[in-house]
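What follows draws every value from the coordinates through simple rules; no lab data is involved. Computed from a predicted structure; not experimentally measured. Here the Cβ positions follow ideal geometry from the backbone for every residue, glycine too, while neighbour counts run over all protein chains shown.
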Amino acid sequence: MSWISSLITAIQTRRRKRRQPDATQVSVRERVNALRHLPAFLRLVWATSPALTLGNAALRLLRAGLPLATLYVAKLILDAVVDLTQLPPEQRQLGPVLGLVALEFGLAILADALGRTVALLDSLLGDLFANRTSVQLMQHAAELDLDQFEDSAFYDKLERARRQTLSRTVLLSQVLSQAQDVITMVLLAVGLVAFNPWLLLLLLLAVVPAFLGESHFNERSYSLVHSWTPERRELDYLRQTGASDETAKEVKIFGLSDFLIERFRELSENFYRQNKVLALRRAGWGTLFAAVGAAGYYGAYVFIITQAMHRHISVGQLTFLAGSFARMRSLLEGILSRFSSVADGALYLQDFFDFFALRPRIIRPVEGVPVRPFPRPIRLGFEFENVGFQYKNGTKWAIRNLSFTLRAGEKLALVGENGAGKTTLVKLLARLYDPAEGRILLDGHDLREYDPAELRQEIGVIFQDFVRFQLPAGQNLAVGRISERNNQARIEDAAHQSLADAVIAKLPLGYEQMIGRRFNGGVDLSGGEWQKIALGRAYMRDAQLLILDEPTAALDARAEYEVFQRFNELTQGKTAVLISHRFSTVRMADRILVIENGQFVEIGSHEELLSKGGRYAELFQLQAAGYQ
């Protein structure tokens, strides 16, 4: 039910924040400044495939000159035809004209071939870039700290960055097209300047208003989309929750469908209304600016026709100049409009680079500081010295002033009510968090002196809320030591030790059977069967320290007994931490640590703590009374 409470909390928070559509305003300076990311973006593109990038640029450069060449050949054809009409019929030779027509035909075929080839290279390069940046995003996310994933602001950045890995391929095509069109326009401008420089000024006056209007509305569109990132994540969550195999039972039992649908409708319609207002204003102003641009073009066209009527230019020149002006107007509109899109793309690109600018705090010791090798075997064990930890945005300490020793080879059970800090303690032990106060020692040295990756290789953790990976059964077990995923003998041994072999034996495809309903042919398991799979990961791990957080919560009494008989064998000579609410389970530990509200209460063996008559004895008697 945790997902329901999380959803309700999110909805209440959203309703308290009366978000305005333009909550995130982006100034012109910020849009221009965002272009500074383009060099880094192009370096990423080049690193993706130098050959495709170079080939794409070369073909676009060649294609940029074709419009001028085509217009010039058309001019030659018209002038040649006009000249022929001035000659007697017997002197008219079509050969030169047909040669020019053939040349224009060849240019048309070449332009089409280049266009298709460029589009192909854009597609291939875009796919490679999306794949590469997606891998980089996953790699970087894997390096970040656990507490960063527990921050909603971080998830907003992650969501925006994830979207950019796919949509930035469009930016790539836009940037390359921009360069191509600029070259084409410069070549066409040479002819217009030679005829009458004032035509360029008229062209600018016709196009610039449309550019400024488009820039303004692109800015507002970005502001709206950016400010709605949390709501869009909530929409995705509502969409998934309302139609998911993971939530279907509770949605039906508690009649949540109407509630989820209404919340989705409320959010989506609110976004639609805000976007509709923006779209209508954009359409209206866009029509006006388009009319201004058309007036400028036809004014220039009338001027050119007048020059031709007074025989200041030939018919071929008339066609060339009119075509050049029309093509330049189209190119300039495209360049200015695309510039706005590129600037917007750069703003979104900033989201991409902002995510990669995030840095983990739990890292390998800095360069120059010697990294302490992980002890093999552990000799003394772990020691907590006045350890305190508080979650980000938390109102109270999860753990405070906690001091105890976990000896090498010892089995330690953690006991306490929900929220006492047991799971936080083991996360600190695995260095998923660093203490805010105090320190944790391993064999007498601060845990921060060890490489966290090497530390975690020596720790096997199975949390109560373990992940149910939608993978084949064998790979689900191999998650415990993924480097051994091809070691079938080790996988089968781990399944035998955790009793998961009986579960897998019932699957149609055995270890190759896809588990979970998300993919075609998948088979779901019961909670207890899933837990045996998760326990198998601990056996795969073969680590020096094993941490099991409620490892048998979903197992029946007989299966639990068998699991712990084998668990005793698994932990021989190893250090183990066990979290459980079942006192029949924790009494097998060498010592039991009782914590309450994140603080030390007492520690000792089962018998010692019962004899003290303290908190452990009280909890034990309460649970025992339920069986009497």
TODO: Kindly provide log₁₀ I(q)/I(0) values, in the same order as q = 0.13, 0.14, 0.21, 0.23 Å⁻¹, from the Debye equation applied to equal alpha-carbon scatterers of the range 421-539.
DONE: -0.59, -0.66, -1.09, -1.23
- [ ] Please go through the residue pairs Lys157/Lys396; Lys574/Lys612; Lys157/Lys422; Lys396/Lys422 and name each one whose alpha carbons sit more than 21 Å apart in this structure.
- [x] Lys157/Lys396; Lys574/Lys612; Lys157/Lys422
Open item on the list: More than 24 angstrom separation, counting every C-alpha pair in the range 266-415; what % is that?
Closed with: 72 percent
- [ ] Pop a pseudo-label 7 angstrom from the Cα along the beta-carbon direction at both Glu454 and Ser257 and give the gap in nm to one decimal.
- [x] 5.7 nm
- [ ] Count neighbours as other Cβ atoms within 10 Å of each site's Cβ, and list the GluC sites (Glu not before Pro) in the range 404-510 that are DSSP loop with at most 14 such neighbours.
- [x] Glu417
Task: By average C-beta atoms within 10 angstrom, highest first, the peptides 465-474, 280-289 - done: 465-474, 280-289
Open item on the list: Suppose R0 equals 51 Å. What FRET efficiency, 1/(1 + (r/R0)^6) with r the Cβ-Cβ distance, do Tyr391 and Lys276 give to the nearest 0.05?
Closed with: 0.80
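Going from the alpha-carbon gyration tensor of the range 85-191, what semi-axes, largest first and in whole Å, does one get by taking the root of 5 times each eigenvalue?
Details: eigenvalues 614, 40, 13 Å².
Gyration-tensor ellipsoid for the range 85-191: 55, 14, 8 Å.
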- [ ] Please pull out the direction-averaged projected area of the range 410-625, using the convex hull of its alpha-carbon atoms, in nm² to one decimal place.
- [x] 13.1 nm²
TODO: Specify the inter-centroid distance of the range 427-464 and the range 486-501, based on alpha-carbon positions, in whole Å.
DONE: 28 Å
Open item on the list: Out of the trypsin sites (Lys or Arg not before Pro) in the range 295-347, which ones are loop residues according to DSSP with at most 12 other C-beta atoms within 10 Å?
Closed with: Arg311
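Give me the extension gain from Asp443 to Val302: residue separation times 0.36 nm, minus the current Cα-Cα distance, reported in nm with one decimal.
41.8 nm
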Open item on the list: Please compute the length gained on full extension between Gln488 and Ala111, using 0.36 nm multiplied by the number of residues separating them and subtracting their Cα-Cα distance.
Closed with: 130.0 nm
Open item on the list: I'd like the trypsin sites (Lys or Arg not before Pro) in the range 75-168 restricted to DSSP loop residues with at most 16 other Cβ atoms within 10 Å, sorted by number.
Closed with: Arg92
- [ ] Using the Karplus curve 6.51 cos²θ - 1.76 cosθ + 1.60 with θ = phi - 60°, work out ³J(HN,Hα) for each residue of the range 385-401 in order, rounded to whole Hz, and write x for Gly and Pro.
- [x] 10, 6, 6, x, 8, 10, 5, 4, 6, x, 9, 9, 6, 6, 9, 8, 6
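From the alpha carbon gyration tensor of the range 375-419, can you work out the equivalent ellipsoid semi-axes (sqrt of 5 times each eigenvalue) and give them in Å, largest to smallest?
26, 13, 9
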